[in-house]
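Written out below as structure tokens is the structure these notes cover.
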Amino acid sequence: MNQAAMFQLSYGLFVLSAKKGQKENACIVNTVQQVTTTPNRITVAVNKGNYTHDMILETGEFNVSILSEETPFEVFQRFGFQSGRDVDKFADCDYYTKAENGFVYLSKYANAYISAKVVATYDLGTHTLFIADVTDAEVLSKIPSVTYTYYHQNIKPKPEQTKAKGWRCKICGYVYEGEELPSDFVCPICKHGAADFERIE
Ligand SMILES: Cc1cc2nc3c(=O)[nH]c(=O)nc-3n(C[C@H](O)[C@H](O)[C@H](O)COP(=O)(O)O)c2cc1C
């Protein structure tokens, strides 16, 4: 089997936002799909370690901001490289507003947003698959949606030449220093697994 085939799958990138009481939070995901049109239903796979995961599991609601090609790296850092358990990701953020459901969406950088209510969950081990009905949706701009490939080629800064030996996370650039990367290793920054690391000499 050639594992590299998995990298040929095409994905979008999204800000998945949740709310619990007064606490707003959101994380970056690449796993939003529309799975049926009648009913209008989407799925999203969220890592169980994410704070956003716990919030959605508890409240059963979320918004998805569909990111455009104009999204700067700062947005990925803000929502994808730190946890809402440790920081308030919206504290100094001036590019969000609220949808009718009271949940946040990005007023800039997103070309559309979707509001959804969870109708079922599926335990995937490391992740929970949320299956949800679309309750609202709006188009915000005509700028094309960003793909995972576009993010890697045009948005993520090119890795600096480093003298460190070890393994680099292809998603966020985190470097694990050591000869062998444990097969169950999970990136402490972006939560991707060992399969997303490359050897650096
Ligand atoms: C490009 C990119 C794609 C990501 N895709 C996913 C994903 O599909 N599912 C997921 O659970 N986390 C994904 N993450 C990781 C979360 O965004 C990250 O762990 C975040 O810090 C979680 O924040 P939270 O604890 O506030 O929810 C991705 C991160 C990046 C940078």
message: I want to check the label-to-label distance for Thr149 and Thr126. Put each point 7 Å from Cα in the C-beta direction and report it in nm to one decimal.
response: 2.3 nm
message: With the crude spin-label approximation of a point 7 Å out along Cα→Cβ, what separation in nm comes out for Tyr95 versus Tyr174?
response: 2.4 nm
message: Averaging over every viewing direction, what projected area does the convex hull of the Cα atoms of segment 1-73 cover, in nm²?
response: 7.1 nm²
statement: Checking rank on 141-148, 26-33, with mean other Cβ inside 10 Å and highest first, the result is 26-33, 141-148
- prompt: What are the semi-axes of the equivalent ellipsoid for segment 96-194, taken as the square roots of 5 times the Cα gyration tensor eigenvalues, largest first, in whole Å?
  reply: 34, 21, 10
message: Take Arg85 and Ser183, extend 7 Å from each Cα along the Cα→Cβ direction, and tell me the distance between the two endpoints in nm.
response: 2.6 nm
field: Per residue Cα convex hull volume in Å³ - calculated over segment 3-150
entry: 121 Å³
query: So what are the radius of gyration and Dmax for the Cα set of segment 159-200, in Å?
result: 9.2, 26
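Just so you know, all these numbers are worked out from the coordinates, no wet-lab data involved. These figures come from a predicted structure and were not determined experimentally. Counting neighbours? That spans all protein chains shown, and the Cβs are built from the backbone with ideal geometry, glycine included.
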